[in-house]
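Peer 1: Have a look at this one before I ask anything.
The values are calculated or read from the model by the stated rules, or taken from the named source; none is laboratory data. These numbers were taken from a predicted model, which means no experiment stands behind them. Every residue, glycine as well, gets a Cβ built from its backbone with ideal geometry; the counts of neighbours run over all protein chains shown. For the accessible areas, the whole protein counts, side chains as well, though only heavy atoms, and no ligand, DNA or RNA atoms are used. Shrake-Rupley method; radii C 1.70, N 1.55, O 1.52, S 1.80 Å.
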Amino acid sequence: MTNAIRYSAVSQACARCPARTFSMKSQRQALSAGSTRLATRLSTRVHVAAPMEIAEGERPVYEGGRKLANAPPFSLQDLRDSIPKECFERSALKSFAYLALDVAVVAALAFAAFTINNPLVWPLYWFAQGTMFWALFVVGHDCGHQSFSANKTLNDFVGNIVHSSIMVPYHGWRISHRTHHANHGHVENDESWHPVTKTMLEGMNKVARLGRLLFPFPLFAYPFYLLNRSPGKVGSHYDPKSDLFTDGEANMIRTSNAFQIGFVGLLAACTFALGPMAMFNLYFVPYWMFVVWLDVVTYLHHHGPSDPEEEVPWYRGEEWNYMRGGLSTIDRDYGIFNKIHHDIGTHVVHHLFPQIPHYNLCKATDSAKVVMGEYYREPEPSPGWFPSHLIAPLVRSFGRDHYVADQGDIVFYEKDPTIKLGGQ
């Protein structure tokens, strides 16, 4: 199948998804102009949602814990048609209401903790405020997907403010996250929590292994990912010249950097006015709590099914397409935190149709999972207000999901016996 034939399917799928796309004409222009950096970037995106043409006799049939690696009997359009149209409607008023509530809770928590200033209260504040920082991130996440409102300028302005307040470069994150959605489930082309290949693992130094594979250190990795990306990839979310971005996106990166600098100045002023210890308690510790939330939730989106026998497939080549990559993601029940962090655990439908606002994800999922059938993993219910049931799959995954084979269009994680929790 030629790229020209594939492109019609690519265009239809990407019209429903805010993934990075380029017209065939612009691709030819970029390639003929000899832009090596842009041509390389395009080569990782031309495959989005491309249909497969593999004879049935050539495709392996998986059973047991690997059965969801088999090609599904439905299409992306089938899923799209199953979701009520109102689920795709965006309301700026509703989005601002959620944002206003989050900001009010953040302010109230900070004021109460600063006023009480009791060593027994501070740990409770750290956890609660870190959780609210994570909620703010999710609002900015909707801005990045343009599901906050129908106005892109408004979305980007709100996104820059909200994400800067938690030390996230909005446009840098937004663009790399778009790459993640456009290539989810692809071994080499995915951007977030993509698997390490056997060759990559053998070449990783101890620091890289520590930060990527050895629990609990990866739960603090996000700021370092923003600076240097994941193992096997280069570039910074702060560098306008990074391979993450095109030349036309450089000014967006500079804009987000300016917002970041402005907020750092505000933190410095608050530190001068309130004192270093106050800011350590009010902001620094909650920030790291937010980082843990982000790393735990995003890791569990793509790893560690609740069933210990199940394995998540990763794809390459003709076996990968947009829908199969999205179906490899996992929904989770976070107990009382589901609504606090805006249903970010309802992730499968979000990955397939990221333009759906967070407040419509549950309804959309209820409709789409009828079509998905066994390809939808019902989330294991939380045993109570705290999602303690997620600790086991998180630890289990870090204990055995270490690398994938260098070859193969459908691969599964393998365990390196030399890597132990708390070990080397």
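Peer 1: Considering only the range 348-371, state which residues are under 24 Å from residue 64 (Cβ atoms) and buried (at least 20 other Cβ atoms within 10 Å of the Cβ).
Peer 2: Across the range 348-371, the qualifying residue is only 348.
Peer 1: Looking at the range 269-286 only, could you name the residues that are within 20 Å of residue 162 (Cβ to Cβ) and either among the small types (Gly, Ala, Ser) or in contact with a strand residue (DSSP E or B) (Cβ under 9 Å, 6 or more places away or on another chain) (or both)?
Peer 2: 269
Peer 1: Report, ordered by the first and then the second residue, all pairs with beta carbons closer than 6 Å, sequence separation of six or more or different chains, a first member in the range 244-263 that is without any contact (Cβ under 8 Å) to a residue 60 or more places away in the chain, and a second member that is open to solvent by 10 Å² or more (accessible area, probe 1.4 Å).
Peer 2: Pairs that qualify, where the first residue is without any contact (Cβ under 8 Å) to a residue 60 or more places away in the chain and the partner is open to solvent by 10 Å² or more (accessible area, probe 1.4 Å), are 250/240; 254/240.
Peer 1: Of the conditions (1) in a loop (DSSP other than H, G, I, E, B); (2) buried (at least 18 other Cβ atoms within 10 Å of the Cβ), residue 398 clears all except one; give me its number.
Peer 2: With (1) in a loop (DSSP other than H, G, I, E, B); (2) buried (at least 18 other Cβ atoms within 10 Å of the Cβ) applied to residue 398, the lone miss is (1).
Peer 1: When you check residue 271 against the structure, is it over 29 Å from residue 189 (Cα atoms), part of a helix (DSSP H, G or I), of a type in the set (S, T, N, Q) and open to solvent by 30 Å² or more (accessible area, probe 1.4 Å), yes or no?
Peer 2: yes
Peer 1: Just need a number here: residues in the range 78-112 that are within 26 Å of residue 156 (Cβ to Cβ) and either in contact with a Gly (Cβ under 8 Å, 6 or more places away or on another chain) or open to solvent by 70 Å² or more (accessible area, probe 1.4 Å) (or both).
Peer 2: Number of matching residues: 10.
Peer 1: Among the numbered criteria (1) open to solvent by 50 Å² or more (accessible area, probe 1.4 Å); (2) touching a Lys or Arg at 6+ places or on another chain (Cβ under 7 Å); (3) part of a helix (DSSP H, G or I); (4) not small (Gly, Ala, Ser), which one does residue 218 miss?
Peer 2: (1)
Peer 1: Do you know which of the residues in the range 143-155 that are open to solvent by 10 Å² or more (accessible area, probe 1.4 Å) and in a helix (DSSP H, G or I) is farthest from residue 360 (Cα to Cα)?
Peer 2: Looking at residues that are open to solvent by 10 Å² or more (accessible area, probe 1.4 Å) and in a helix (DSSP H, G or I), I get 153.
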